[in-house]
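Throughout, read-outs are computed from the coordinates displayed, never taken from laboratory work. These numbers come from a predicted model, not from an experiment. For neighbour counting, all protein chains shown are included, and Cβ atoms are generated from backbone atoms with ideal geometry for every residue, glycine included.
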Amino acid sequence: MSALTGAAAALLGVEDEARLARIAGRAGTLPPPARLGLRAGAGALEAVSRLTTGRSLDTLDAGRRDALCTLMPGRFTEAMKIPLLLAAGPELLPASPPAAGQARPDAELDCTPAAEWPACTTADAVVIGSGAGGAMAARTLARQGMRVVIVEEGRRFTAAEFRARPPLDRFLDLYRGGGATVALGRPPVLLPEGRAVGGTTVVNSGTCYRTPERVLRRWDVPADEFGAHLDEVERTLRVAPQPLGPLGRNGLLALAGAERLGWQAAPLRRNAPGCAGSSQCAAGCPRNAKYGVHLNALPQACAAGARIVTHAKAENILVERGRATGVRARRPDGSFLEILAPRVIVAAGATQTPLLLRRSGLGGHPELGRNMAVHPATTLAGRFAEPVVAWSGVMQSVGIEELHDDGILIEATAGPPGMTSFVPPGAGRALRRELAGADRLAVLGAMIADAPSGRVHGRRRAVVRYDLARQDAARLRRALLAMGRVLFAAGAEEVLTGLHHRPVARTLDELSAAITLAPAAGLHLAGFHLSGTARLGADPERAPVDTAGRLRGVAGVHVADASVLPGCPEVNPQLTVMAMALHVAAGIA
Amino acid sequence: MRRTTFAEVMEGTVRLDGADRPMRLELSADLPGVLRPWGDIEGALSGRVVVPGWADGPASGRLRVAPVAARRIRYTLEFTALDGRRLRLDGWKSATPRHPVRSMTFLPATVTDADGAVVGEARLRFRLRRDLARFLSGFRFPADPARDPMRPRWRGQPGRLEVWYTTLSDPATGTGVWLHHELVAPPDDGPAREHGWAAVFPPGERPVFGRYEGPLARLQGAAGEIAWDLRESGGGDPLYTFPRWAWERELLPAAQIVPKPTASYDGTVRFGDRVLNLEAAPGGTARIYGHGNARRWAWLHADLGDGDVCEIVTAVSTRPGLRHLPPLTFLRLRTGGREIAATLGLRATIGLPSWTVRGRVGGGRRIHVEVTQRRAETVSVDYADPGGAPAVCHNSERADVRIVLTRGGRVERHWRLEGTAHAEVGVR
């Protein structure tokens, strides 16, 4: 037994050696930072075991291991549990139910791996990134008759692959850095970003909110024109309210709780025509029901002549005398390809766009990389007497908008087993018991409109710093309490707070006390909606990008992703990002 | 302004239908300007694309060299494959500071067909060890044809006078010929006028003179009872009687140069009922461009044989103030492939039938030039400036000249031409 298997045995309460070996094997496939953290943590646990008991972890019995886990600081066990659960998920958690037949075939895409793409090519426009923003911009330009090439770092995934591999397996491939990107700060914030043809739209929950009017009023964009773009995006994505049929009990309980409170709630509007509730949105829809841009805007762009180069990481934008002349991209083997084009549309995502601009010598604007909003999300689980089986149904199903005017948006969200951002409490055998009873948990998530207090550093690797503003911590506490009210109203016996000092609350008062006592640094946060690192605006001092989406200080570079959003969109942002991309693309001549 | 030409050979492979085939590019580049590493210059590219069994034929296109400014040297070529398809090769070396040699010798390129579909991808390399010496020694910097001294200079400005004139001496008969073409742009935006004249100087006789109006090919034409049909060959390097900057920048009231100081002429010149059959008749073609004629001037063109030539212009400007100065003299003596140029230190005495130029020419040398235009063999022509002011030019292609070059008081070289020097004196 290694230190890693010892730590897995202690923290997850696993005895079976074959199982432990498989968990350790899977942990070896995690992204390097997670692997490194796991090894360091396992080493520390082993050292504590030898110091306190004089014996190695793997020679201890289960009772002593549990006791040792209680010795360790709560934050340590929480930090170790997330990667361990990812690695152990297939062993300890119920498998996702098999998906029903495909809703639609894979789309016709003109994808060429970078290794097969010539080193020297030309185009009328190069779009960096094939996600929400890039796909829309590429479609607009291709339909104008331009020769468009989309440079995508990730690869193409098909529904067949999604069906053939378990969700946890896919997860590591589908996210940048295996999903292990974390913003440094107190508390640290997990920042999952999709990396695939289709970008994050392949792995998002499919929730479609129009940009709220009050948000648009704060931005330097013409509201009427933006509304028309939103209409066009909704038509493209075939956005419709989620029918109740496949909603699942998680969503139904949220509706029931909200109804009892008299709160405004409804099934979410989604781009998932034909969704059967596989609850695997976050690891790619196995039925192609979720209608991401890889199924609509990208094939439409390809039909108009656009071409996609996959496995090509944009290294830098080529610039001559203040004018963009193309893009240099790295192939997996380390060689480069260059595409010369007079127009470069950057849609690499809010963390990568500032890095790319810096690598290109275009990072001079002092506000570039700053003003990052993450739309932080936190979760709360309620334990019910009857099985909920939250992983059966629509992953993100119901929106509770009672507090939306205060910047709090509650959504019933339950990922595939092991992949939800909710971490069950306890360690060792206690954690095993929690996992065994996971089918009785209903999970709600809440996102709050945050101050743009994050910042992306770096040129090659994004180092994100995000410090929760004081008023945002207060808003998060309010959101937790509101979710507790919904869960109790729906009939929860107790709620799991995710706070390590008070993991369980049986009444609203207990929850309130737990939340009030929790330090901001102890909150579990994830940021799914990063934005604002190259914000758009009329003031050249404050905004690196002008109101038409052109990067200031250089000709021919346009930014068309979430980076340009001038502030937190306060809703799931895919429609906003796509409409913004249409706005930016409309200004490209 | 000079061009840059060089030849480059690159070899490598081209991937066609999944199989690599050997490929060779033999290229000649012609860039408009002197190639500088930090510059950005684009010019013509021609040469040959060879892929055995697939393509072997001429190619032409463009080359852009900007290894620092754009970090790129881009080659675009069009060629025809053996199956008759018209193809285009587009590729560039991407200069990276981290791998300067590798990046500057490796050329990836994409071959596309007329529809833009990719046909193949080439990976070519310049073989440094084998070809560098030949590559570097093949660099040439020829003069730019755009700065051809024969090219017209007038660009529509009012008040300009542009002159081409050819003078020659028939070695068989001793007859001199003078062909003069000029363009006069009046100072008041009126239409420019082209006209000219010709004169033939048979030995010992009165010269024959005729005028013409309108544009005319320089070496074929007729004026009065004179008609000529000539071919010009050779000419030697241009002789900048006035300094080159003065000619190119047009900073002086007028300037004269001799684009072809030692040309030879074949053909016929008819005057009256006589025919002059010319065979390798020595002569030259000179140019004047400026605001008009001088107040007083004298000119000498003396072909000294063996490519040696002496050209003198001495003139007094019409400009207020300058007109009271002594004549300013420009002398160029080309001998043995070297040129002696002098302006300061020369004194001219303009007169008829003889005029002289004497003074220091540098290197401790002095020169003495004495020109004699016999009255009987001199023609007097009425000139008019662009503004209409008249002058009279006394010209002879049958002049005598004596040139003595001394050093330290001793005669170093001397020349004497009897009746084959070309000279004139202008007065008002």
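Worth pointing out:
- Coil-residue GluC sites (Glu not before Pro) of region A:1-62, DSSP, other Cβ within 10 Å capped at 13: A:Glu15
- Listed residues B:Val275, B:Val119, B:Val163, most fluctuating in chain B (Gaussian network, C-alpha, under 10 Å): B:Val119
- In plain terms, the residue of B:His181, A:His294, A:His404, B:His422 with the fewest other Cβ atoms within 10 Å comes first and the most crowded comes last, giving A:His404, B:His181, A:His294, B:His422.
- Viscosity 1.002 mPa s, 20 °C: Kirkwood-radius Stokes-Einstein D of region B:164-277 over Cα pairs, µm²/s: 137
- Degrees separating the helix B:128-137 axis from the principal Cα axis of chain B, which is the longest one: 10
- Candidate lysines for bridging to B:Lys260, where Cα separation is under 29 Å - those fewer than 8 sequence places away on the same chain excluded: none
- For region B:180-277, size of Cβ-based charge dipole, Lys and Arg +1, Asp and Glu -1, in debye: 240
- Backbone amide hydrogens, once placed in the peptide plane, bring A:Val319 within less than 5 Å of A:Thr325, excluding anything fewer than 5 places away on its chain.
- Karplus-derived 3J(HN,Hα) values for region B:338-355, using 6.51 cos²θ - 1.76 cosθ + 1.60 with θ = phi - 60°, are 10, 10, 10, 10, 8, 9, 5, x, 9, 10, 10, 10, 8, x, 10, x, 10, 9 Hz; glycine and proline are entered as x.
- Each of B:Met10, A:Met372 was scored by other Cβ atoms within 10 Å of its Cβ. Arranged with the fewest first, they read B:Met10, A:Met372.
- Distance from region A:1-48 to region B:385-407 (C-alpha centre basis), Å: 105
- Unit charges on C-beta of K, R, D, E only; dipole of region A:3-92, Debye: 280
- Compared with the dominant Cα axis of chain A, that is its longest principal axis, helix A:17-27 is turned about 30°.
- Put a dot 7 Å past the Cα of B:Leu322, heading toward its Cβ, do the same for A:Arg235, and the two dots end up 7.4 nm apart.
- Extension gain (nm, one decimal) between A:Arg104 and A:Ala474, 0.36 nm per residue minus Cα-Cα: 128.8 nm
- Table column - 3J(HN,Hα) (Hz), region A:260-265, Karplus curve with 6.51, -1.76, 1.60, x for Gly and Pro: 5, 7, x, 8, 6, 8
- Placing pseudo-labels 7 Å out from each Cα toward the beta carbon at A:Leu517 and B:Asp229 gives an inter-label distance of 11.9 nm.
- Fully extended contour minus Cα-Cα distance, from B:Arg416 to B:Asp237, at 0.36 nm per residue: 62.1 nm
- Radius, Kirkwood style, for chain A when every pair of distinct Cα atoms is counted (Å): 24.2
- FRET efficiency, B:Arg274 to B:Glu194 (Cβ-Cβ, R0 35 Å, nearest 0.05): 0.80
- Comparing B:Asp189, B:Asp385, B:Asp266 in a Gaussian network model of chain B, where Cα atoms under 10 Å apart are tied by springs, the biggest mean-square fluctuation is seen for B:Asp189.
- Whether region B:158-427 is rounded, prolate or oblate, judged on the alpha carbon gyration tensor where a/c under 1.5 counts as rounded: oblate
- Rounded to the nearest Hz, the phi-derived 3J(HN,Hα) couplings of region B:65-80 under the Karplus curve 6.51 cos²θ - 1.76 cosθ + 1.60 (θ = phi - 60°) are 10, 8, x, 9, 4, 10, 6, 8, 10, 10, 10, 10, 9, 10, 8, 10, where x marks glycine and proline.
- Shape class of region B:2-47 from the Cα gyration tensor (axes a ≥ b ≥ c, square roots of the eigenvalues): prolate, since a/c reaches 1.5 or more and a/b is larger than b/c.
- In terms of other Cβ atoms within 10 Å, B:Ile257, A:Ile308 run from fewest to most in the order B:Ile257, A:Ile308.
- Candidates B:Pro390, B:Pro327, B:Pro52, ranked by Gaussian network fluctuation over chain B, Cα under 10 Å, top entry: B:Pro52
- Cα shape, the protein assembly as shown, gyration tensor, a/c 1.5 rule: prolate
- Counting only lysines at least 8 places from A:Lys313 when in the same chain, those with an alpha carbon closer than 25 Å to its own are B:Lys93.
- Value of Rg to Rh for region B:4-145 (Rh from inverse mean 1/r over Cα pairs, i.e. Kirkwood): 0.96
- In degrees, nearest ten, helix A:3-12 long axis to first principal axis of chain A (Cα): 70
- Chain lengthening between B:Arg218 and B:Leu82 when straightened (0.36 nm per residue, less Cα-Cα): 44.3 nm
- Descending Cα extents along the principal axes, region A:73-215, whole Å: 59, 40, 39
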